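The values are calculated or read from the model by the stated rules, or taken from the named source; none is laboratory data. Quick caveat: nothing in here was measured; it's all calculated off a predicted structure. As a convention, Cβ positions derive from the backbone with ideal geometry for all residues, glycine included, and neighbour counts pool all protein chains shown.
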Amino acid sequence: MLQRQDFYFDLPSELIAQQPPAQRGDSRLLALDGATGQVADQRFSDLLELLRPDDLLVFNDTRVIPARLSGRKASGGRVELLVERVLDEQRALVQIRANRAPKPGSLLVFDAGGTAIVVDRQQDLFEIRVDIDQPLPTWLEQHGRLPLPPYITREPTAHDAERYQTVYARQPGAVAAPTAGLHFDQALLTRISEMGVASTFITLHVGAGTFQPIRMEQITEHVMHAERFAITPETCEQIRATQERGGRVIAVGTTTLRALETASDEQGVPQPGPDETRIFIYPGYRFRCVDALITNFHLPESTLLMLVAAFAGRAAILEAYRHAVAAGYRFFSYGDAMFITRAPHN
């Protein structure tokens, strides 16, 4: 039985990227061959050498919303809210950080103006109903703050508003970026297309639960957070056609992989439509759809590290991570990337 500590690695804090690289794509790429465990140190621009004309790149086109809000309880205590999911024009599921968790019926007063009532509590999340002068999504765009990940220990800047979005972000709803996509600029996307490599999109709205640590020693006891996703019939058809011609389905990011694996039938073809996923992928999982993965480096003992360990093999991933640490790769959202091909038995 796999334990949480089976996915530990030592990460010096100075390798946690606090800023994005000067230019998109100006980052390193560690290529891991899932069949052999061999690694190669490359630049992200070298991705072109790793792609084949019959490949299909699948991107997540979610857009990060300014989901962080500050305010106070009517009783005076300070609160900070992180919107996990907008439910409608007046309601949202949020995380609330406060000295004491507010009870249902509590009144919250936003620094930006307006109020909210705590309607209900759902485990770590609170349902609130807002009293503001605009629909909640519009109001957030004007008054919310960008929710940088907790391991970036600085306040967001105007520069982050552009760099913590992919260049193809279209569908608002995420509270964290699908960070593997941050490396792509329009010039690289054009060069990929000119090679004959096809591209398509899914939408998965990344929730703050992506940063939730595993607290149980037995990883199978962990319950994943729910995330909404949607896959169009056109994308499903592109994937089916790619598989039929012997091409590879390459997920850009673990969010894309989770959506595709959740939606796929036994033949490995995703089915269209909106859905929700709580899929927890760890070693022993048998992949049905995705052949290769572009991803950033993940937190020790995290669900996403377990996902890539399932994809390429735990020993191979941990060895690749040890190599990355020794070679000074930059970690997490603004860090460097990996290109991983699936281990044959997975």
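Points worth noting:
- Qualifying residue in the stretch 325-334 (condition: among the hydrophobic types (A, V, I, L, M, F, W, C), over 17 Å from T210 (Cα atoms) and free of Cβ contacts under 8 Å to residues at least 60 places away in the same chain): yes
- Residue count, the stretch 156-194 (criterion: in a loop (DSSP other than H, G, I, E, B) and within 20 Å of T210 (Cα to Cα)): 9
- Qualifying residues in the stretch 100-143 (those that are surrounded by 14 or more Cβ atoms within 10 Å (Cβ to Cβ) and of a type in the set (S, T, Y)) - the one farthest from L69 (Cα to Cα): S106
- Residue in the stretch 65-72 that is modelled with pLDDT of 95 or more, within 24 Å of I202 (Cα to Cα) and among the aliphatic types (A, V, I, L, M) present: yes
- Among the candidates G71, G105, the residue that is over 24 Å from the mean Cα position of the chain (by Cα) and in contact (Cβ under 8 Å) with a residue 40 or more places away in the chain is uniquely G71.
- For the condition in contact with a helix residue (DSSP H, G or I) (Cβ under 7 Å, 6 or more places away or on another chain), assigned by TED's automatic domain parsing to the domain that holds N296, within 30 Å of R342 (Cα to Cα) and not in a loop (DSSP other than H, G, I, E, B), L29 qualifies.
- Identity of the residue in the stretch 220-249, of a type in the set (D, E, K, R) and part of a helix (DSSP H, G or I), that ends up farthest from the chain's Cα centre (by Cα): E244
- Test for S13: is it small (G, A, S), surrounded by fewer than 13 Cβ atoms within 10 Å (Cβ to Cβ), out of contact with any helix residue (DSSP H, G or I) (no Cβ under 8 Å at 6 or more places or on another chain) and modelled with pLDDT of 95 or more: yes
- Qualifying residue in the stretch 92-99 (condition: in contact (Cβ under 8 Å) with a residue 24 or more places away in the chain, part of a strand (DSSP E or B), more than 23 Å from the chain's Cα centre (by Cα) and surrounded by 12 or more Cβ atoms within 10 Å (Cβ to Cβ)): yes
- One residue stands out among those in the stretch 242-291 that are of a type in the set (D, E) and free of Cβ contacts under 8 Å to residues at least 40 places away in the same chain: the one that is surrounded by the fewest Cβ atoms within 10 Å (Cβ to Cβ), which is E266.
- Count of residues meeting criterion [over 23 Å from F44 (Cβ atoms) and surrounded by 24 or more Cβ atoms within 10 Å (Cβ to Cβ)] in the stretch 304-314: 1
- Verdict on E237 being free of Cβ contacts under 8 Å to residues at least 12 places away in the same chain and over 17 Å from N60 (Cβ atoms): yes
- A residue that is farther than 19 Å from L32 by Cα, of a type in the set (D, E, K, R), in contact with a helix residue (DSSP H, G or I) (Cβ under 9 Å, 6 or more places away or on another chain) and in the same structural domain as T210 (by TED's automatic domain parsing) cannot be found anywhere in the stretch 330-337.
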